[in-house]
Amino acid sequence: AGPCDIYADGDTPCVAAHSTTRALYDDYSGALYQVTRGSDNTTLDISPLSAGGVADADSQDSFCSLTTCLISIIYDQSGNGNHLTQGPPGGFDGPDVDGYDNLASAVGAPVTLNGQKAYGVFMSPGCGYRNDNAVGTATGDEAEGMYAVLDGTHYNSACCFDYGNAETSATDTGAGHMEAIYFGTSTGWGYGEGSGPWLMADMENGLFSGYASTENSADPSISYRFFTSIVKGEADEWALRGGNAASGSLTTYYSGIRPSGYNPMDKEGAIILGIGGDNSNGAQGTFYEGVMTTGYPSADTENSVQANIVAAGYAVTSLVSGPTLTAGDVVSIRVTTSGYTDRWIAHTGTTVNTQVVSSSSSTTLKEEASWKIVEGLGYSGCFSFESVDTPGSYIRHSDFVLLLNEDDGTTLFATDATFCPETAMDGDSSYSSLRSWSYPTRYFRHYENVMYAASNGGVQDFDATTSFNDDVSWNITTAFAT
Ligand code: AHR
Ligand code: AHR
């Protein structure tokens, strides 16, 4: 049985069921999600390998080979048609065209389920999905349950990495107009024990870790790589439950009455992912699967769902491909775009650019064009690039411009400075493309001889699709200077 078969057995059936990794019903063999590729803007639906099974990641990999892919639809498996698509502007604009949110990369969150590869939804700040016309979800003070499996190590403190029930207008219509899972380190409203991240319930104009609108020490900091998060609510009652999605059982972090000002609720029934009710879109996180139910699921039902999630066998897998990079090596990195192949990644002060470098260049220029590969400051499975002439300074993106900055010790710097090599987009197996860990739609790209973290199409000039594959393909060689 799948999670939604278990909820149905408990008389609290799923009214929305979303996952890019697997079918959530035993007999579901329809599309799980749609990807759109950058090369020609065509789409492909990704389905399970068999009914009730794991997503066919190989079909995505072939379709997306030598180009970029975005997750453009996360299909609803419940039959209600509650699909999630690119979030529209609301109280806040997203960063994409016409104020829409960004779509997530299809390759930012690879995992295995019992050894079979699948992809989660890695959402950078600015990403968001929504359905403002959902059918069958709770409205008013009606009861509902929900769970989501998230990456417990990918979060930030911005508003709001949410999954669940929100306003149909994408604007803040007041306390009680939302009921969604929140995950992260926001302390602007409630917070839990320690330094976070925490599971909280977003009930609009408030993230709640328990009854009190501030700290609730029973709401623990989460450190599970895969985190099962549960929020449920009915008339003057709600609960927060959670556990390790890879083993063991659930713990109840809160169960009790509504906070003051939130009884009765005014739920509106739209569905959000990765954003706040008003389309606040500064948060980040990773979603693998989740559902919304009608009725207030029993703890027994949820415990069976947790057992089902554990049995799915979520595990981490590699984020890199292509030529092997080795921490400790010192390299120089050559442009491969025709007409520019005498240029190498270098820096002039804090500007990271490409410059013509050769064996007869000055020692100063050779050092400016040489980089020490180190273990990724923000993720140990990827890499960072430390300047040879300025140790302690690394290539990082800031407003998607690559800069050479001194490590300031923050998590933001570390993740801005972390890049995952993959097989080069131009198809030459001896070259690499260097994908941003924190914005996996973006790659090291030269544009007018300056370096950017660029997406394949987008609102900035340097996101131009023309010449993208060549501009993001790099020949990583022995360094000019060590
Ligand atoms: O409740 C927290 C946030 O406050 C909501 O997600 C958003 O709509 C509002 O800004
Ligand atoms: O960076 C040099 C060139 O600038 C790139 O190849 C092109 O995309 C842009 O015109």
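Bear in mind these aren't lab numbers, they're just calculated from the coordinates by the rules spelled out. Quantities reported herein were computed from a predicted structural model and do not represent experimental measurements. Don't worry about glycine lacking a Cβ; one is built from the backbone with ideal geometry, like all the others, and counts go over all protein chains shown.
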Per the charge dipole of the chain (beta-carbon charges, Lys/Arg positive, Asp/Glu negative, Cα centre), the residue among T410, Q86, F183 reaching farthest to the positive end is T410
Report the extension gain between S249 and A218 in nm, rounded to one decimal, defined as 0.36 nm multiplied by the number of residues separating them, less their alpha carbon distance.
9.5 nm
Extension gain, T324 back to T465 (0.36 nm per residue minus Cα-Cα distance, nm):
48.1 nm
On Cα atoms only, tilt of 299-312 relative to the major axis of the chain in degrees:
30 degrees
Looking only at the stretch 5-23, which residues have a backbone nitrogen under 18 Å from a spot 7 Å from the Cα of E237 in the C-beta direction?
10-13
If you place +1 on the Cβ of every Lys and Arg, -1 on the Cβ of every Asp and Glu, and leave all else neutral, what size is the dipole of the stretch 9-97 about its Cα centre, to the nearest 20 Debye?
200 debye
Between the stretch 436-482 and the stretch 57-80, the alpha-carbon center distance in angstrom:
24 Å
Cα to Cα, under 19 Å, and not fewer than 8 places away if on the same chain: which aspartates and glutamates meet these conditions relative to K372?
D329, E386, D389, E406, D407, D408, D416, E422
Tell me which of I395, Q34, P323 sits at the most positive position along the dipole axis of the chain, charges placed on C-beta atoms (Lys, Arg +1; Asp, Glu -1).
P323
Mind ranking 299-307, 368-376, 252-260 by how tightly packed they are, going by the mean number of other C-beta atoms within 10 angstrom, highest first?
368-376, 299-307, 252-260
Of the options A235, C14, S362, report the single residue whose Cα projects farthest towards the positive end of the charge dipole of the chain (beta-carbon charges: Lys, Arg +1; Asp, Glu -1).
S362
Explain nothing, just the number: dipole magnitude of the stretch 127-182 about its Cα centre with +1 on each Lys and Arg Cβ and -1 on each Asp and Glu Cβ, in debye rounded to the nearest 20.
180 debye
Determine the gain in length on full extension of the stretch T364-T351; use 0.36 nm per residue of separation and subtract their C-alpha separation, reporting nm with one decimal.
3.1 nm
Given charges of +1 on the Cβ of Lys and Arg and -1 on the Cβ of Asp and Glu, with all other atoms neutral, how large is the dipole of the chain about its Cα centre, in debye to the nearest 20?
1220 debye
Taking amide H positions as placed 1.01 Å from N in the peptide plane, with prolines and chain starts having none, which residues 5 or more places from A16, or on another chain, fall under 5 Å of its amide H?
M292
May I ask for the distance between the Cα centers of the stretch 94-121 and the stretch 288-337, given as a whole number of Å?
11 Å
Quick one: compute the contact order of the chain, relative version, from alpha carbon pairs under 8 angstrom and 6+ residues apart, as a percent.
15 percent
